[in-house]
Protein chains: 2
Amino acid sequence: MSATSTFEEHIQFIQSQTDKALSKITPKLNSSKYFYNPIHYVVKGRGKRLRPVLVHLSGQAYDAQPDDLMKLGIAVELLHNFSLVHDDIMDNDSMRHGQPSVHYKWDIPTAILAGDGLFTLAQLSLVGLDNYIFQRFNEVALEVCEGQGMDKEFENDHSIDMDGYIQMIGKKTACFLGMCSELGAVLGGASEEEAVNIYKFGYFLGLAFQIKDDYLEIFGNEESMGKSLGSDIDENKQTILAIVARKINVKDWDNFLKKTRKFEDYKNYYESNGVKKEVENLIESNVEKALTGLSMLSDDRSVQLNKYANLILNREF
Amino acid sequence: MSATSTFEEHIQFIQSQTDKALSKITPKLNSSKYFYNPIHYVVKGRGKRLRPVLVHLSGQAYDAQPDDLMKLGIAVELLHNFSLVHDDIMDNDSMRHGQPSVHYKWDIPTAILAGDGLFTLAQLSLVGLDNYIFQRFNEVALEVCEGQGMDKEFENDHSIDMDGYIQMIGKKTACFLGMCSELGAVLGGASEEEAVNIYKFGYFLGLAFQIKDDYLEIFGNEESMGKSLGSDIDENKQTILAIVARKINVKDWDNFLKKTRKFEDYKNYYESNGVKKEVENLIESNVEKALTGLSMLSDDRSVQLNKYANLILNREF
């Protein structure tokens, strides 16, 4: 980052470099078009590249080699896209990153194989990095799968409480962001203690991020989010909003559920019963925990990550 | 292998040790049952463990460490099962290894996630092995995906010739067996030249194996194969039998296709028009090429692999 560039310019630079590298991962278009065309389509989607950005910011705080960070950044973005392509099938989501999801544009077999390919390309992007990176990457990939399993289990299960929900998003999202921040720093030679703290930063930021994702699924803007809203309601997902609503007044909430499945009704209920406000507070408190993880680092190491946390908290998209 | 045990006993020993190790890879049953139960179900299926057996035989020829071979053996078996679970969805196969396929027993989302988990556990089984093993493993995993893509492209495409077919099964099956034999030997410190030759052994054996698989899909025994026969016909797959039939007499074959889709009719056609015989010859010629790959090795190194090739050639299941 040059002295004169702003944080936003720096983020955009990382995003554009990531896009450029991603566009080069499918050179073998002379091979199976059935396999490579959807992969090419996915990596050209309007993803925000928030995970590679975290890898780079964390790694830059420890002067990690740019080439190593790019390898890891591409790997985490591909891992993320793999899970999205497969989750979209499982959840029957029709839009993703501003375009039809793969199984909608093609079909389920095509999307299954495209996801498999993205995951394999993620592994290959790690070639040349330390064995520890490879191990942690896949440990977290397994947790992401476990989290998705819990998410599917929780559908239609109205006994899920806050602890169960936090455990689920902890696996599905938070430990993924924790891994991005941890391994970026590890590539720069961070100490074990520093790695633990910077993992916590990513982890709690991830909790805040996922809670906000549930929140935006109801209170977001369909166009700028580039996906259809309300699918959590259609799928009967146990979102943080539903769990908080149940906690505040279980009778009221159960009565409400018997009456309607309309998107607007849910939105009004959450607003007028204090659910929206409590979830907003929950997001902020997790961001604070994340920043506590950062407070163990020196100021010059944490300044960019602090800004990144704000970016996550204030995103409107 | 002790001096008194037979080859068959030795194979059975490797299979049982592999089964034992596989049964231990899903210890976290207190975590998501949605995720782990189907994985447990898959690894308990009646798989023949032919890929781990090849890893062990090849590695033992070079005195590789048993622990390393077990890690790699488990990884290749999990990779194989991952691809089967996902391919069964794509091809709508209802039986696998003597039991209902995962998406038949549960549903498609469950089977997608189980496959993802098997793939991730395969990666984790490689932890501690050399970076080169990890790289080759994933290069081949990508080829397996490419091969599956070609296989799907070839459905309903009656212009596929022998070259296209061999390229497809080369990626989908042959390079996988090539990798098993190569990396087993590499774990034992085989030279680069030896690794190339032993890869060729596995590769051509893989071609023979896959051609025989197409062959058994028509001429095998449903009960002992543990899966339903004839699904290639239902899916309109371009099998080696269809390609040879077209090559022998395209007019005759086209007329036949207009008349029937019955399994027994196909069987009779292949038998009475010389297709069966030509495919049998093709299997044998590829086994001979495989043995040429072995001929570069010393006798004591190749003896077990020679027996393994015979096992593949003569399997009736």
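We did not get these values from a lab; they are worked out from the coordinates using the rules stated. Since this is a predicted model, take the numbers as computed values, not measurements. Glycine gets a Cβ as well: all are built from the backbone with ideal geometry, and neighbour counts include every protein chain shown.
Observations on the structure shown:
- Residue pairs, from the table B:171/B:289; B:48/B:307; B:237/B:259; A:171/B:48; B:20/B:71, whose Cα atoms sit over 24 Å apart: A:171/B:48
- Around residue B:195: net Lys/Arg minus Asp/Glu count, Cβ-Cβ under 12 Å: -2
- Working value for the protein assembly as shown: equivalent-ellipsoid semi-axes of 46, 29, 22 Å, each the square root of 5 times a Cα gyration tensor eigenvalue, largest first.
- 0 to 90° range, to nearest 10: angle between helix A:299-314 axis and chain A longest Cα axis: 40 degrees
- Relative to the longest principal axis of the Cα atoms of chain B, helix B:131-154 runs at roughly 10 degrees.
- Selected from A:140, A:39, A:81, residue furthest toward positive end of dipole (chain A; charges at beta carbon): A:39
- In order along the range A:176-183, the phi-based Karplus estimate (6.51 cos²θ - 1.76 cosθ + 1.60, θ = phi - 60°) of 3J(HN,Hα) comes to 5, 5, x, 4, 4, 6, 4, 6 Hz; Gly and Pro are listed as x.
- Compared with the dominant Cα axis of chain A, that is its longest principal axis, helix A:108-125 is turned about 40°.
- Restricting the calculation to alpha carbons of the range B:154-308 gives Rg and Dmax of 17.6, 57 angstrom.
- Taking B:160, A:218, B:39 and counting other C-beta atoms within 10 Å, the order from fewest to most: B:160, A:218, B:39
- Taking chain B as a Gaussian network of alpha-carbon nodes connected by springs under 10 Å, the highest mean-square fluctuation of the residues B:144, B:53, B:275 belongs to B:275.
- Reciprocal of mean inverse Cα separation for chain B (Kirkwood radius, Å): 20.2 Å
- Summarising the amide proton neighbourhood of residue B:95: residues at separation of 5 or more, or on other chains, whose placed amide H is nearer than 5 Å comprise B:101, B:228.
- Extended-chain gain in nm, criterion 0.36 nm per residue less alpha-carbon gap, residue B:300 and residue B:127: 59.2 nm
- Take residue B:310, push a point 7 Å out from Cα through the beta-carbon direction, and compare it with the same point in every other copy: 7.5 nm, smallest first.
- With each label modelled as a point 7 angstrom along the Cα→C-beta vector, the residue B:219-residue A:41 pair spans 4.0 nm.
- Cα-projected label distance for residue A:105 with residue B:265, points at 7 Å along beta-carbon direction, nm: 4.0 nm
- Label distances, nm, residue A:281 versus same residue in remaining copies, Cβ-directed 7 Å point: 8.3
- Relative contact order of chain A, defined on C-alpha pairs under 8 angstrom at six or more residues apart (%): 19 percent
- Relative to the other identical copies, residue A:263 shows label-point distances of 4.7 nm, where the label point lies 7 Å from Cα along the Cβ direction and values run shortest first.
- Phi angles of the range A:91-101 translate, via the Karplus equation with coefficients 6.51, -1.76, 1.60 and θ = phi - 60°, into HN-Hα couplings of 9, 6, 7, 9, 10, 7, 6, x, 8, x, 5 Hz per residue; Gly and Pro are given as x.
- Here the dipole of chain B is about 740 debye; that uses its Cα centre as origin and unit charges on the Cβ of Lys and Arg (positive) and Asp and Glu (negative).
- A DSSP coil position with no more than 10 other Cβ atoms inside 10 Å describes none of the chymotrypsin sites (Phe, Trp or Tyr not before Pro) in the range A:48-126.
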